[in-house]
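Notes to accompany the following structure.
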Amino acid sequence: MDLASLVYLAASRGASDLHLEPGLPAALRVHGELERAGEALSAGLVRGLVREAVGDAAWADFARRGSFDSARELAGVRCRINALHSARGVGLALRLLPGEVPTIDTLNLHPALGELAALECGLVLLSGPTGCGKSSTLAALLQRINQRSARHIVTLEQPIEFELVPERAFVRQREVGRDTPSFDQGLLDALRQDPDVIAVGEMREPATMRLTLNAAETGHLVFATLHSANTAEALQRVVLAFPAEIQAGIAAQLADCLQAVVCQRLRYLPAHELRVPECEILRGSSSARAVVRQSQFVKLGSVLETGGADGMWSRERYRAWLEARDGFQRPAPPRPPEDRPASAARPRPARRPQREVDGQGVLVIDEPREAVAEILTRLEHEED
């Protein structure tokens with residue numbers, strides 16, 4: 001029994017994340033809620049699973065730095081891996097990604113998002129809180145370009161979550177830390193590589209933001225992600241990241257190249273037992289650009305409300321569209337791990353687990369004889 005078995009189990013339950021920590025039960029995030037499963041894990045067991053995820057070649061570097069980021073396939077599921085040191089020892093946080101490169105349709109996004117892939121130049125910001133699916137939406141937009149346009153796409157990611165197979169486009173994916181030392185250096189390099197489309201995995205530092213704006217201003221279509229609660233905050237964060245004396249110039253540069261800002265969060269639809277993106281979409285209309293140029297971000301709310309004809313979507317309008325929609329697409333079920341017989345790997349029908357909320361507000365699964373407990377018990381026996 002190995003890490004792939006736990007990943008397969010998590011995917012079979014529809015979990016988006018799997019957390020392992022010494023002294024605590026395994027935790028699954030299902031429909032946005034954290035659920036504990038099975039008994040507490042020993043330090044030795046977790047250490048072995050973390051070493052399996054990190055690999056022997058990178059283990060010494062992980063021990064020195066205290067963290068490790070990568071992406072790989074486990075049990076037929078593409079996973080984003082973060083290994084870490086904590087007060088209890090070493091732990092693991094796994095994000096389970098869609099089995100294939102996502103598309104606008106498979107993510108259940110509004111078709112209006114597809115229009116962003118047809119833009120020739122300018123800046124498109126994808127924003128939202130951590131874990132809201134920004135990377136998936138970015139991959140879906142790049143895949144739309146890949147399938148429909150003979151353009152050169154250069155991505156800068158940390159790590160590469162979805163591997164794009166070139167179709168009509170010529171695709172280069174570069175991983176920060178492996179293929180280039182930083183986002184800044186990768187952006188400088190990209191401008192010398194004849195790109196049509198540049199994707200920046202995350203804008204964190206002012207230098208990265210400035211280089212991203214420069215790329216968008218010089219005739220490239222640039223997609224970038226950052227964290228924010230709404231579209232106005234996303235734009236404000238970019239401007240306020242710079243010293244006060246140059247903020248007016250940054251706001252003008254941002255207004256000139258702005259094409260769209262998408263802010264999304266995941267919403268659970270009980271009737272469909274599915275989490276889907278709920279978006280706010282601000283387009284770079286003349287009124288929106290005028291507001292950004294003057295750094296009057298508080299006025300963007302009214303621009304959103306009155307900008308339907310310009311392709312804008314307030315969160316309320318988007319929510320109404322979701323509630324009226326039928327025929328949502330569901331993610332494909334995970335494949336059983338290759339080293340397990342298909343009959344043993346396929347989850348057996350089971351009663352719905354009894355759940356209760358503990359004192360810390362965390363859902364607890366009371367099913368010690370079900371699949372989670374079985375796998376964890378076998379792992380403990382193998383450790384002994």
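A short reminder: the numbers here are calculations on the coordinates, not readings from a lab. It should be emphasised that the depicted structure is a prediction, and the values quoted were computed from it without experimental measurement. Counting neighbours? That spans all protein chains shown, and the Cβs are built from the backbone with ideal geometry, glycine included.
Remarks
- The chain - share of DSSP beta bridges that are antiparallel (%, nearest 5): 60
- The charge dipole of the chain, taken about its Cα centre with unit charges on the Cβ atoms of Lys, Arg (+1), Asp and Glu (-1) only, comes to about 600 debye.
- Build a GNM of the chain with springs between Cα atoms under 10 Å apart, and of Gln296, Gln259, Gln173 the one that fluctuates most is Gln296.
- Estimated [θ] at 222 nm from DSSP helical runs (n ≥ 4, -39500 (n - 2.57)) normalised by residues in the chain, nearest 500: -10000 deg cm²/dmol
- D (Stokes-Einstein, µm²/s), Kirkwood Cα radius, segment 3-125, 0.692 mPa s at 37 °C: 204
- Only the Cβ atoms of Lys and Arg (+1) and of Asp and Glu (-1) were treated as charged; on that basis the dipole of segment 111-324 about its Cα centre amounts to roughly 260 debye.
- Antiparallel content of DSSP bridges confined to segment 66-209, in %, to 5: 60
- The chain: C-alpha pair distances exceeding 32 Å, %: 39
- Of all the options Val222, Val30, Val262, the one that moves most in a Gaussian network model of the chain with Cα springs shorter than 10 angstrom is Val30.
- When you filter the trypsin sites (Lys or Arg not before Pro) in segment 130-181 for DSSP loop state and at most 12 other Cβ atoms inside 10 Å of their Cβ, you are left with Arg168, Arg178.
- Pairwise centroid distance, computed over Cα atoms, of segment 304-318 with segment 1-56, Å: 41
- DSSP bridge pairs, segment 111-324: antiparallel proportion in percent, nearest 5: 30
- For Ala71, net neighbour charge (Lys/Arg +1, Asp/Glu -1) across residues whose Cβ lies under 10 Å away: -2
- For segment 111-324, the alpha carbon convex hull comes to 121 Å³ per residue, rounded to a whole number.
- Around the Cα centre of segment 1-109, unit charges on the Cβ atoms of Lys, Arg, Asp and Glu (plus for the first two, minus for the last two) sum to a dipole of about 280 debye.
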